[in-house]
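Asker: Here it is, the structure in full.
Just so it is clear, none of the values below were taken in a lab; they were calculated from the coordinates. Because the structure is a prediction, the values reported are computed rather than measured. Because the Cβ atoms are built from the backbone with ideal geometry, glycine has one as well, and the counts that use them run over all protein chains shown.
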Amino acid sequence: MSTLITKVRQRQISQLIEKGKRLDDRALTDYREIKIEEGLIERAEGSAKILLGKTEVLVGVKVGTGEPFTDTPNEGVLTVNAELVPLASPSFEPGPPDENSIELARIVDRGIRESKTIDNEKLCIEPGKKVFVVFVDVYVLNHDGNLIDASALAAVSALLNTKMPNFEIKDGEVKIKQGYTPLSLRSHPVTVTIGKIGDKLVVDLGLEEEQVMDARLSMAVKDDGNICAIQKGGSGYFTPQQIIEASKLAQEKAAEMRKKLKW
Amino acid sequence: MNDKQEKLIDKKGIRLDGRKADELRPLKLEVGVLPNADGSAYVEHGKNKILVGVFGPREMHPKHLSRPDRMVLRCRYHMAPFSVQERKSPAPSRREVELSKVIRESLEPALFLELYPRTGIDVFIEVLQADGGTRCASITAAALALADSGIPMRDLVVACAAGKIEDTVVLDLYDAEDKLGAADVPVAYMPNLNAITLLQMDGTLTPEEFEKAVSMATDGCKQIYPMQKEALKTKYMHIKEETQEETEE
Amino acid sequence: MPTFFEEKQLVTPGELLAEGEYQAGENTYLESGKIFSARIGLVDCDNKKVNVVALRAFYAPKPGDIVIGSVIEVGFNGWTIDIKAPYTALLRASDVLNRPFKPQNDELNQVLDAGDLIVAKIASYDRAHDPQLTVGEPGLGKITRGQIMRVTPTKIPRVIGRKGSMISMIKQETGCQIILGLNGVVLVTGKNTADEDLAMAAIKKIEDESHTTGLTDRITQLLKDEKAKREENKN
């Protein structure tokens, strides 16, 4: 996701960060302002839009039915997809998903899946035959850095207001009935991405900061503070000590961000 | 899943395949196995069998992907259709696209990318048989293939996973443990620089367990590192032996 | 101020070589006051400078180098040449024709066509531009005869020998013309293929045993033995 910035700008950013400062006067461990709007897409079973500074991500949840996987006949299916919509950045191009959008989708997917927030067995309609399929579609509308945290938070927020169709089985046939039941979540995973610039750990990188960043570490943290998914990205590295430090910072930040979710 | 699942690790701390908690699977590494590649390596890690070929640095094709100020590393992690129980479609899956990316990012810190601007170097990874931990074995072999190609490197990159089965943190999960275990933490590491270049996790660990898993995995890397160096040296060892003979005369 | 190696020790990338008042030489790098190896090779220390003689490396172009390359493309006003390096090289039509190039008169593929081999000198090269070649000096230009072989570029100095002793000896004993491209491509031209084969066998032996001492004697022996064998066969 490269939109080239000048070397002068890069130096300015890294020098600021070395002193513990940032372009927009935030502390290294501060997030930008977060605003979440829920349920704005009526056609979707669940939806949420997040504004993280100027980064904007819309997540829609659609619920369908399908066959379960053969190795999990009693469980529903979760599918996460991410679209880096071309209107969101000059660096996004139309076409099939590239490695960046695939990685984003899989990080969001792992946060939800590994936290076991959805009770997959409750999504079973008829064992081995029919189950609910929950499609989580991440739609990036404006890219100003930290798409991972914004997308993950919006996805959980959208799942929190997702309504599952009611159904009954009559004469061996599955019939969708009137009305809905809320999809109940067992946990509220929050993903925190920590960037390394020089030897400093920084949260919620803006677009320009991401281009100076050596490497990043995204961690999904559950309500109990335990981490359930991690992804390192970027061409740099972390020392083992930095990883432990980052995991503690992620736990702290996740607890703060979780307050933005409504349940 | 069966209700009466056999325990993945018994009371004496012995795993289903007979290993102790902190024991690696047998590992075999070979360098210079592909005549047409500029560098190559083959790894057998447990039942994993993986071939890696490196081409370049060479002109980038397509040209617009080249960078004016640095070399571009490209990685393709690919699983052979017959490498797993149920035939895998040869078309690249989303998992393979993601792994190709994280493997690339685990190798980049080892290279001096600012050398040879406008060129590209390709790392092709073919998993011939998978047995859990393929990304780690791929990284260990890819670093060898890169060193064998003659590209300057900061260090070899070596990778190994730790994880949790039942309630125990263990080293180097194989397929069954990966599928049924509670968590898997693959780590890639440059031992001489104390740098972690890949870290992923699937599954839940407490902070204490996580810390233990990272240190166990890096310890595993430190165990593999000498084998990796040995494999690289073996290809060139006859040269060294001859030098010694001559000086002894 | 320690060093961590014995002379001519085989080292791998990332191995710590020295700390303190040493200089990082070829195929090594400096990080936080420590010198590490960057390639597989044999380490030596020359006047506080730590070098690794690489056992595996590709050719990196340098202005002034003589190289041997093949034409891979005939372009509008010049040729693209494969010089077995990370970059392809360019040879301008005006350089070969020795006069301004006129597209209406000049058919470039009549001069050099795809697949042709040339001996050339690197006229210019930097980070931003591909190497430019010139053939405007005696001994350079299209190759019409002889055999080509490839040698690991780092071993070319060994084939040359001290003050050219090794290569002169092979030339003398085989009666072959030999051009050593610094990019590891070698052209051997003799009266017959048997002479060429002998010269190539000697060069191959040098490549394989480049890091041993007493090599000159063994090469002399090889050439003598082979020639004696051929005399016998004739009789």
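Asker: Over the range C:1-88, what is the relative contact order in percent, taking alpha-carbon pairs closer than 8 angstrom and at least six residues apart?
Answerer: 22
Asker: In addition: Give, rounded to the nearest 20 debye, the magnitude of the charge dipole that the range C:10-54 has about its Cα centre when Lys and Arg contribute +1 at Cβ and Asp and Glu contribute -1 at Cβ.
Answerer: 60
Asker: Give me the distance between the Cα centres of the range B:165-190 and the range A:39-71, rounded to whole Å.
Answerer: Using only Cα atoms to place each centre, the spacing works out to 32 Å.
Asker: Quick check: pseudo-label points 7 Å beyond the Cα along Cα→Cβ at residue B:69 and residue B:7, how many nm apart are they?
Answerer: Here the answer is 5.8 nm between the modelled labels.
Asker: How far is it, in nm, from the label point at residue C:192 to the one at residue C:148 when both lie 7 Å from their Cα along the line to the Cβ?
Answerer: According to this spin-label approximation, the distance is 2.6 nm.
Asker: Let me ask something else about it. Could you work out which residue, out of C:145, C:158, C:92, moves most in a Gaussian network model of chain C, that is, has the largest mean-square fluctuation with Cα springs under 10 Å?
Answerer: C:145
Asker: Let me ask you something else. Pairing the Cα long axis of helix B:134-149 with the longest principal axis of chain B, what angle in degrees results, from 0 to 90 and rounded to the nearest 10?
Answerer: With rounding to tens, the tilt is 20 degrees.
Asker: How large is the helix-only mean residue ellipticity at 222 nm for chain A, computed as the sum of -39500 (n - 2.57) over DSSP H runs with n ≥ 4, divided by its residue count, in deg cm²/dmol to the nearest 500?
Answerer: Counting only the DSSP helices, I get -8000 deg cm²/dmol.
Asker: Work out how much length residue C:228 to residue C:6 would gain on full extension: take 0.36 nm times their residue separation and subtract the Cα-Cα distance, in nm to one decimal.
Answerer: Gain in length upon complete extension: 75.8 nm.
Asker: What does the helix-only formula give at 222 nm for chain C: each DSSP H stretch with n ≥ 4 adding -39500 (n - 2.57), the total divided by the residues, and the result rounded to the nearest 500 deg cm²/dmol?
Answerer: -7500 deg cm²/dmol
Asker: Let me know the charge dipole size of the protein assembly as shown about its Cα centre in debye, to the nearest 20, where only the beta-carbon of Lys, Arg (+1) and Asp, Glu (-1) is charged.
Answerer: Magnitude of the dipole: close to 860 debye.
Asker: What longest range of chain A stays clear of loop-exposed GluC sites (Glu not before Pro) (DSSP non-H/G/I/E/B, at most 10 other C-beta within 10 angstrom)?
Answerer: A:43-263
Asker: Using a/c under 1.5 as the rounded threshold, could you call the range C:10-54 rounded, prolate or oblate? The axes a ≥ b ≥ c are square roots of the C-alpha gyration tensor eigenvalues, and prolate needs a/b larger than b/c, oblate otherwise.
Answerer: oblate
Asker: Taking neighbour Cβ counts within 10 Å as the exposure measure, how do B:61, B:45, C:211 sort from fewest upward?
Answerer: Ordered by Cβ neighbours within 10 Å, fewest first: B:61, C:211, B:45.
Asker: Order by neighbour count: C:165, C:94, A:151, fewest other Cβ atoms within 10 Å first, most last.
Answerer: Neighbour counts put them in this order, fewest first: C:165, C:94, A:151.
Asker: Oh, and also: Rounded, prolate or oblate: which one fits the protein assembly as shown, using the alpha carbon gyration tensor with axes a ≥ b ≥ c (rounded when a/c is under 1.5, else prolate when a/b beats b/c, else oblate)?
Answerer: Here the protein assembly as shown falls in the prolate category.
Asker: Putting +1 on Lys and Arg Cβ atoms and -1 on Asp and Glu Cβ atoms, find which of B:200, B:190, B:165 reaches farthest to the positive end of the dipole of the range B:159-203.
Answerer: B:190
Asker: For the range A:5-119, with the dipole built from +1 on Lys and Arg beta-carbon atoms and -1 on Asp and Glu ones, taken about the Cα centre, which of A:74, A:115, A:58 lies farthest toward the positive end?
Answerer: A:58
Asker: What's log10 of I(q)/I(0) for chain B at q = 0.08, 0.11, 0.12 Å⁻¹, Debye sum over Cα points only, no solvent?
Answerer: The computed values of log10 I(q)/I(0) come out as -0.33, -0.61, -0.71.
Asker: Using a 10 Å cut-off around each Cβ, can you sort A:157, A:91 from fewest to most neighbouring Cβ atoms?
Answerer: Listing A:157, A:91 from fewest to most nearby Cβ atoms yields A:91, A:157.
Asker: Restricting to Cα pairs below 8 Å that are 6+ residues apart, what does the relative contact order work out to for chain B? Please round to a whole percent.
Answerer: About 20 percent, as a whole number.
Asker: May I pose another question? Could you pull out the longest piece of chain B with no exposed loop trypsin sites (Lys or Arg not before Pro) in it, calling a site exposed if DSSP puts it outside H, G, I, E, B and it has at most 12 other Cβ atoms within 10 Å?
Answerer: With a cap of 12 other Cβ atoms within 10 Å, the longest stretch comes to B:88-249.
Asker: What is the spin-label model distance, in nm, from residue A:70 to residue A:87 if the labels are put 7 Å beyond Cα along the C-beta direction?
Answerer: 4.3
Asker: While we're on this one: Which lysines have a Cα lying under 25 Å from the Cα of residue C:191, excluding residues fewer than 8 positions away in the same chain?
Answerer: Reachable lysines: C:142, C:171, C:204, C:205, C:224, C:227, C:229, C:234.
Asker: While we're on this one: Taking 0.36 nm per residue of sequence separation and subtracting the Cα-Cα distance, how much length would be gained by fully extending the chain between residue A:252 and residue A:19, in nm to one decimal?
Answerer: Between residue A:252 and residue A:19, full extension yields an extra 81.6 nm.
Asker: Moving on to the next point. Evaluate the relative contact order of the range C:10-54 (contact order divided by residue number), counting alpha-carbon pairs under 8 angstrom at least 6 apart; express in whole percent.
Answerer: RCO, the range C:10-54: 43 percent.
Asker: Springs between alpha-carbon pairs under 10 angstrom, Gaussian network model over chain B: which of B:121, B:196, B:14 fluctuates most?
Answerer: Most flexible of the set in this elastic network: B:14.
Asker: Next up: For chain B, modelled as a GNM with alpha-carbon contacts under 10 angstrom, which of B:142, B:213, B:161 fluctuates the most?
Answerer: B:213
Asker: Counting only helical runs of four or more DSSP H residues, what would the 222 nm mean residue ellipticity of chain B come to if each run contributes -39,500 (n - 2.57) and the total is spread over all its residues?
Answerer: Mean residue ellipticity at 222 nm (helix-derived): -10500 deg cm²/dmol.
Asker: Determine the dipole magnitude for chain C: charges of +1 sit on the beta-carbon of Lys and Arg, -1 on that of Asp and Glu, nothing else is charged, the reference point is the Cα centre, and the result goes in debye to the nearest 20.
Answerer: Charge dipole, chain C, about its Cα centre: 440 debye, nearest 20.
Asker: Turning to a different aspect of this structure: Which entries of B:63/C:62; C:62/C:163; B:63/B:229; A:129/A:253 show an alpha-carbon separation above 31 angstrom in the structure shown?
Answerer: Where the Cα-Cα span goes over 31 Å, the pairs concerned are B:63/B:229; A:129/A:253.
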